[in-house]
Structures are given as C-alpha cells and as structure tokens.
Amino acid sequence: MAEKIKLTKEGYKKQEERLRFLIEVERENVKVQLAEARAQGDLSENADYDAARGRQAEIEAEIKEIEFTLNNCEIIDGKASTKKVALGSTVTIRNIDNGKESTFMIVGTVESDPVNGKISNACPLGEAIVGKMVGDIVDVKAVKQYKVEILKIEIK
C-alpha cells in the first residue's frame, strides 16, 4: 500500500478550496471560451479554440491531482509535541557554520513552500531534523553538507 500524503488541516482546507474554485469557476470559464471559439467557425486553424482546449486539459489534470491528494491523505492533526520535531512542528534552528537562525514549519510535500516558511519532511533539512530534540546538533546531508542546532520546537 502506498504511503499516505501528509497534509495539515490548513493544507487540506486549501486543497478543498482550490478544487472548488477549479470546478465551479475555472471549468465554467473554459466552457465559455470553448463556445466562443466554436462560434468563430473553422476549428482546424482556430488559435482561440486550441488555447481553450489546452487550458481545459490543464484544469482537468489539476482537478484529478487534487482529488487524488484529498482521497489519499492523512491529516496531521497537531498532536505533535514540543519535545521532538514532527510534522506540524514549527522549529527554530541555528546554522552552525554561519550562526544564522531560521524558523519554519515542517509539512508534507504537497504543502511545502520554503519562501513562506514551510519545508517538507522529505527535503534534506526536514529529513535530518524530524525526530530530533531541542539542543541536538544535526548533520544535514544536502549537496553541500552542513550542521544545524535545534533551538526551539513549537506547535502553532
């Protein structure tokens, strides 16, 4: 059996909202675009029709992907503790080499958004710190290996 896709409650809600938007808004917009393009006549050389069909394919693929995610997910319910890093933990670390501190939340791969402070449990840093405790110094096996110290673990 395949491993479940990990989502936070917030991530699950965002996926549901995106699915609803795609079905209720985007799918309907494409239907209108297709009808307008068909009304232009000859479809064999109709760029508007081709563009609308391409957009339709993108939307349907995204709908299927989100439906798969929602049907095959495990919701991280915030039962993580502040003793060990786990999915749903917000962690503050310090890079041993340069002293720089960073804070981020550990999430599943679907929700990963490093720019907004969410890293995947499957990325090198996430893999290295999951299961570790405050005070642990951890080797991160990335392209360029480095060490971090776990300073704080929170549940937000």
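Residue 35 satisfies every condition listed in (1) aliphatic (A, V, I, L, M); (2) without any contact (Cβ under 8 Å) to a residue 12 or more places away in the chain; (3) closer than 18 Å to residue 118 by Cα except (3).
A single member of 58, 36 is of a type outside the set (A, V, I, L, M), at pLDDT 90 or above and exposed (fewer than 15 other Cβ atoms within 10 Å of the Cβ), and it is 58. Residue 151 - would you say it is farther than 17 Å from residue 8 by Cβ, part of a strand (DSSP E or B) and not assigned by TED's automatic domain parsing to the domain that holds residue 72? Yes, satisfied.
Is it fair to say residue 133 is surrounded by fewer than 14 Cβ atoms within 10 Å (Cβ to Cβ) and either of a type in the set (A, V, I, L, M, F, W, C) or closer than 30 Å to residue 23 by Cα (or both)? Yes. Against the test of being surrounded by fewer than 19 Cβ atoms within 10 Å (Cβ to Cβ) and among the aliphatic types (A, V, I, L, M), the options 107, 115 yield a single qualifying residue, 115.
For the stretch 1-16, a residue qualifies if it is out of contact with any Cys (no Cβ under 8 Å at 6 or more places or on another chain), of a type outside the set (A, V, I, L, M, F, W, C) and not in a helix (DSSP H, G or I), and the qualifying residues are 3, 8. Restricting attention to the stretch 92-116, the residues that are farther than 13 Å from residue 10 by Cβ, outside any strand (DSSP E or B) and within 18 Å of the chain's Cα centre (by Cα) add up to 4.
Condition check ((1) in contact with a Phe, Trp or Tyr (Cβ under 8 Å, 6 or more places away or on another chain); (2) part of a helix (DSSP H, G or I); (3) of a type in the set (D, E, K, R); (4) not assigned by TED's automatic domain parsing to the domain that holds residue 65) across all residues:
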| position | (1), (2), (3), (4) |
| --- | --- |
| 18 | no, yes, yes, no |
| 27 | no, yes, yes, no |
| 30 | no, yes, no, no |
| 37 | yes, yes, no, no |
| 52 | no, yes, no, no |
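The values are calculated or read from the model by the stated rules, or taken from the named source; none is laboratory data. All of these numbers come straight from a predicted model, not from anything done at the bench. Note: ideal-geometry Cβ built from the backbone for every residue, glycine included; neighbour counts use all protein chains shown.
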